[in-house]
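Visitor: Take a look at the following structure, please.
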Amino acid sequence: MVQKEKVKKLKDKLIVALDTDDGEDIDWLSGTLIEVVPWVKIGFQAFSTLGIEAFPWLSARGHKVFLDLKFHDIPNTVARDVGMMTKHGANMINMHAAGGLEMMQTARNSADDAAYKADIPRPILLGVTILTSMDETGFQQNFGSERQLAEQVVYLAQLTQAAGLDGVVASPLEIEPIRKACGDNFLIVTPGIRPKWAETGDQRRITTPAEAINRGADYIVVGRPIIEAEDPLEAAEMILDEMREA
Ligand code: C5P
């Protein structure tokens, strides 16, 4: 029973990134993966094919949908975007924390309003810190910041929390300092996950699924190691097994 509870919980911690614009692939992947994984993530590729129908369609199959469009614009625009996506049924939405405190605060208010009017739960709102494809050298080169990358991640996490969002997207390598700064009730969602048997690709600040869980990730996001596997269901099950061993 305890083991079952643990498995159920772990299933809810894995988010599969459906990074493709091929409608048939999305259909097949979601239909196959729903056996073991409730959460799926759709970005621009899948959204450009499915549009807002993605939400009722995927949720009718039992999926929860993380809309990964990483909003970053003036507060008024992001508030409207987030309100609209809330109304249509996204279960998790992210925005760049670098868009600023006001942008994130107005987005939160807009999601509250839209959820209230539609009589649905408010989606989980996340701030994206620094992309997991960027290492320290890339960070210094592109941002010219006086801070180290890890310090900037913690700074942005605190800004996200101050704005009233629920958590951040960050590398598994930054979980510990974020937890220390933002506490246990702040969600940490980590892409940059690579099982030992998978290719690294363009990701830089990475760990294995087990290590991310051990470090305290609330959700892990995995794309290519599952969707490009010969047998995506088996790959997802192998990752869940690794998470179980953590
Ligand atoms: O294929 P892979 O497992 O690298 O996919 C990771 C997913 O998480 C991609 O959809 C990517 O856009 C997303 N992501 C990320 N790093 C962030 C935020 C989102 O890799 N900081």
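Visitor: Among the residues that make up the range 190-199, is at least one of them β-branched (Val, Ile, Thr), touching a Gly at 6+ places or on another chain (Cβ under 8 Å) and within 11 Å of the ligand (Cβ to nearest atom)? Working first, answer last.
Guide: Start the filter on the range 190-199 by keeping residues that are β-branched (Val, Ile, Thr), which leaves 190, 193.
From what is left, the residues that are touching a Gly at 6+ places or on another chain (Cβ under 8 Å) are none.
No, because not a single residue in the range 190-199 is β-branched (Val, Ile, Thr), touching a Gly at 6+ places or on another chain (Cβ under 8 Å) and within 11 Å of the ligand (Cβ to nearest atom).
Visitor: Is it true that Ile34 is among the aliphatic types (A, V, I, L, M) and surrounded by fewer than 17 Cβ atoms within 10 Å (Cβ to Cβ)? Write out each step before concluding.
Guide: On the way: among the aliphatic types (A, V, I, L, M): yes; surrounded by fewer than 17 Cβ atoms within 10 Å (Cβ to Cβ): yes.
When the stated conditions are applied, Ile34 passes them.
Visitor: Those residues that are free of Cβ contacts under 8 Å to residues at least 40 places away in the same chain and under 20 Å from Phe66 (Cβ atoms), I need them from the range 124-150; list them, please.
Guide: Result: Leu131, single match.
Visitor: Inside the range 56-75, can you point out the residues that are surrounded by fewer than 21 Cβ atoms within 10 Å (Cβ to Cβ) and farther than 26 Å from Gln152 by Cβ?
Guide: Pro56, Trp57, Ser59, Ala60, Arg61, Gly62, Lys64
Visitor: In addition: Tyr219 passes all but one of (1) within 10 Å of the ligand (Cβ to nearest atom); (2) touching a residue at least 12 places away in the same chain (Cβ under 8 Å); (3) under 18 Å from the mean Cα position of the chain (by Cα); which number fails?
Guide: Failing condition for Tyr219: (1).
Visitor: OK, next. Whether any residue in the range 197-211 is modelled with pLDDT under 95, farther than 19 Å from Val128 by Cα and of a type in the set (Lys, Arg) is what I want to check.
Guide: no
Visitor: Only one of Asp81, Asp19, Asp25 is within 16 Å of the ligand (Cβ to nearest atom), more than 27 Å from Ala246 (Cα to Cα) and surrounded by 15 or more Cβ atoms within 10 Å (Cβ to Cβ); which?
Guide: Working: Asp81 fails: within 16 Å of the ligand (Cβ to nearest atom); Asp19 fails: more than 27 Å from Ala246 (Cα to Cα).
Of the residues listed, the single one that is within 16 Å of the ligand (Cβ to nearest atom), more than 27 Å from Ala246 (Cα to Cα) and surrounded by 15 or more Cβ atoms within 10 Å (Cβ to Cβ) is Asp25.
Visitor: Another question about this same structure. Every residue in the range 137-146 that is more than 23 Å from Asn94 (Cβ to Cβ) and exposed (fewer than 14 other Cβ atoms within 10 Å of the Cβ), please. Walk me through how you get there before you give the answer.
Guide: Going residue by residue through the range 137-146, those that are more than 23 Å from Asn94 (Cβ to Cβ) are 137, 140-141, 144, 146.
Thr137, Gln141, Gly144, Glu146, listed by residue number.
Visitor: Continuing with the same structure: Give the range 151-181 a look and list any residue that's under 17 Å from Asp135 (Cβ atoms), surrounded by fewer than 20 Cβ atoms within 10 Å (Cβ to Cβ) and in contact (Cβ under 8 Å) with a residue 24 or more places away in the chain, or say none.
Guide: Pro177
Visitor: Okay, moving on. Filter the range 224-240 for residues that are part of a helix (DSSP H, G or I) and loosely packed, with under 14 Cβ neighbours inside 10 Å and give the result.
Guide: The initial filter retains those residues of the range 224-240 that are part of a helix (DSSP H, G or I), namely 224-227, 232-240.
Scanning the range 224-240 gives a single hit, Glu234.
Visitor: Right, another one. Being among the polar types (S, T, N, Q) and under 17 Å from the mean Cα position of the chain (by Cα) narrows it down to one residue among Thr32, Thr106, Thr86; which is it?
Guide: On the way: Thr32 fails: under 17 Å from the mean Cα position of the chain (by Cα); Thr106 fails: under 17 Å from the mean Cα position of the chain (by Cα).
On inspection, the qualifying residue turns out to be Thr86.
Visitor: Let me ask something additional. Only one of Val189, Val221 is touching an Asp or Glu at 6+ places or on another chain (Cβ under 7 Å), closer than 15 Å to Lys41 by Cβ and not in a helix (DSSP H, G or I); which? Working first, answer last.
Guide: Details: Val221 fails: touching an Asp or Glu at 6+ places or on another chain (Cβ under 7 Å).
Of Val189, Val221, the one residue that is touching an Asp or Glu at 6+ places or on another chain (Cβ under 7 Å), closer than 15 Å to Lys41 by Cβ and not in a helix (DSSP H, G or I) is Val189.
Visitor: Just give me the residues in the range 193-207 being under 18 Å from Lys11 (Cβ atoms) and assigned to a loop (DSSP other than H, G, I, E, B), in sequence order.
Guide: Residues of the range 193-207 that are under 18 Å from Lys11 (Cβ atoms), as a first pass: 193, 195.
Residue satisfying the conditions is Pro195 alone.
Visitor: Determine the pairs where a residue that is within 21 Å of Lys13 (Cα to Cα), located within the range 39-60, has a partner that is within 12 Å of the ligand (Cβ to nearest atom) and basic (Lys, Arg) with Cβ atoms under 9 Å apart, the partner being 6 or more residues away or on another chain.
Guide: Here the result reads Gly43/Lys70, each pair linking the range 39-60 to a residue that is within 12 Å of the ligand (Cβ to nearest atom) and basic (Lys, Arg).
Visitor: Is there any pair with a first residue in the range 69-81 that is over 19 Å from Thr129 (Cβ atoms) and a second that is within 16 Å of the ligand (Cβ to nearest atom) and assigned to a helix (DSSP H, G or I) whose Cβ atoms are under 6 Å apart and which are 6 or more apart or on different chains, and what are they?
Guide: Short answer, once both residue conditions are applied: none.
The values are calculated or read from the model by the stated rules, or taken from the named source; none is laboratory data. Source: prediction; values computed, not measured. Don't worry about glycine lacking a Cβ; one is built from the backbone with ideal geometry, like all the others, and counts go over all protein chains shown.
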